[in-house]
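First up is the structure itself, then whatever we jot down about it.
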Amino acid sequence: MNHLKRLALGGYASVALVMLIMGSTFLTTTEFFPYHAAASGLEWGDLAPGLQSVILALLRVGGAGWLAGAIALIVLLAVPFARRDEAWSYVAIPVISLTFWGITLATTLRVAMTTPATPPWKGSLFCVCITLLSALLSALSRRRTI
């Protein structure tokens, strides 16, 4: 594996790690996050128990999405990308990552622009940028081996 591909692999792996951490955080939380309180103007304890249940369910679904995305990236990185050098994985990996992180970035920016909350949009921007850089590096690494 050449140097550019190793750098791309490291970048993609860092994005997958962020996804694992976020997924675990959302799956294990017992209430919404401070920026949710700032956006809604309500504290967790102010919410009716039924609404708390619905919000926790949505947070867990989001956490499951983060974990599913992370697992997909890890499997794609380990087998078709790193081990087999399959051309389709060079497209599939950034498409999956950019779809997830692009929507996450747009959503958190919308909350930031329409409420007094400060959601963690910078982390999403980081993952979008690292994915784009890794896609470029992997494409360049592929051109060098053809």
* Candidates Thr108, Thr118, filtered to the one that is farther than 13 Å from Lys5 by Cα, hydroxyl-bearing (Ser, Thr, Tyr) and assigned to a helix (DSSP H, G or I) -> Thr108
* **Residue check, Ala64 in contact with a Leu (Cβ under 9 Å, 6 or more places away or on another chain) and among the aliphatic types (A, V, I, L, M)** => yes
* Asked: For the stretch 124-136, does any single residue satisfy the condition of being part of a helix (DSSP H, G or I) and either of a type in the set (Lys, Arg) or in contact with a Lys or Arg (Cβ under 8 Å, 6 or more places away or on another chain) (or both)?
  -> no
* List every residue pair whose Cβ atoms sit under 6 Å apart, with the two residues 6 or more apart in sequence or on different chains, where the first one lies in the stretch 40-56 and is aliphatic (A, V, I, L, M) and the second, anywhere, is surrounded by 15 or more Cβ atoms within 10 Å (Cβ to Cβ). => Ile55/Phe32
* To do: Report, ordered by the first and then the second residue, all pairs with beta carbons closer than 8 Å, sequence separation of six or more or different chains, a first member in the stretch 1-16 that is assigned to a helix (DSSP H, G or I), and a second member that is of a type in the set (D, E, K, R) and surrounded by 15 or more Cβ atoms within 10 Å (Cβ to Cβ).
  => Lys5/Arg142
* Every residue from the stretch 1-38 that is in contact with a Ser or Thr (Cβ under 6 Å, 6 or more places away or on another chain) and not hydroxyl-bearing (Ser, Thr, Tyr) -> Asn2, Leu4, Lys5, Ala8, Gly11, Val15
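So that you can scan it fast, the table gives a plain yes or no per residue for (1) at pLDDT 95 or above; (2) surrounded by 14 or more Cβ atoms within 10 Å (Cβ to Cβ); (3) more than 20 Å from Tyr35 (Cβ to Cβ); (4) under 11 Å from the mean Cα position of the chain (by Cα):
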{"position": "Leu59", "(1), (2), (3), (4)": "yes, yes, no, no"}
{"position": "Gly69", "(1), (2), (3), (4)": "yes, yes, yes, yes"}
{"position": "Leu73", "(1), (2), (3), (4)": "yes, yes, yes, yes"}
{"position": "Ala78", "(1), (2), (3), (4)": "yes, no, yes, no"}
{"position": "Tyr90", "(1), (2), (3), (4)": "yes, yes, yes, no"}
{"position": "Leu105", "(1), (2), (3), (4)": "yes, yes, no, yes"}
{"position": "Val111", "(1), (2), (3), (4)": "yes, yes, no, no"}
{"position": "Thr118", "(1), (2), (3), (4)": "yes, yes, no, no"}
{"position": "Val128", "(1), (2), (3), (4)": "yes, yes, no, yes"}
* Sole residue being at pLDDT 95 or above, closer than 26 Å to Leu9 by Cβ and exposed (fewer than 12 other Cβ atoms within 10 Å of the Cβ), chosen from Arg143, Arg83 -> Arg83
* Within the stretch 19-57, can you find the residues that are surrounded by 15 or more Cβ atoms within 10 Å (Cβ to Cβ) and of a type in the set (Gly, Ala, Ser)? -> Gly23, Ala37, Ala38, Ala39, Ser40
* To do: Output the residues belonging to the stretch 23-46 that are out of contact with any helix residue (DSSP H, G or I) (no Cβ under 7 Å at 6 or more places or on another chain) and not in a helix (DSSP H, G or I).
  => Thr30, Phe33, Gly41, Leu42
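The values are calculated or read from the model by the stated rules, or taken from the named source; none is laboratory data. Because the structure is a prediction, the values reported are computed rather than measured. Because the Cβ atoms are built from the backbone with ideal geometry, glycine has one as well, and the counts that use them run over all protein chains shown.
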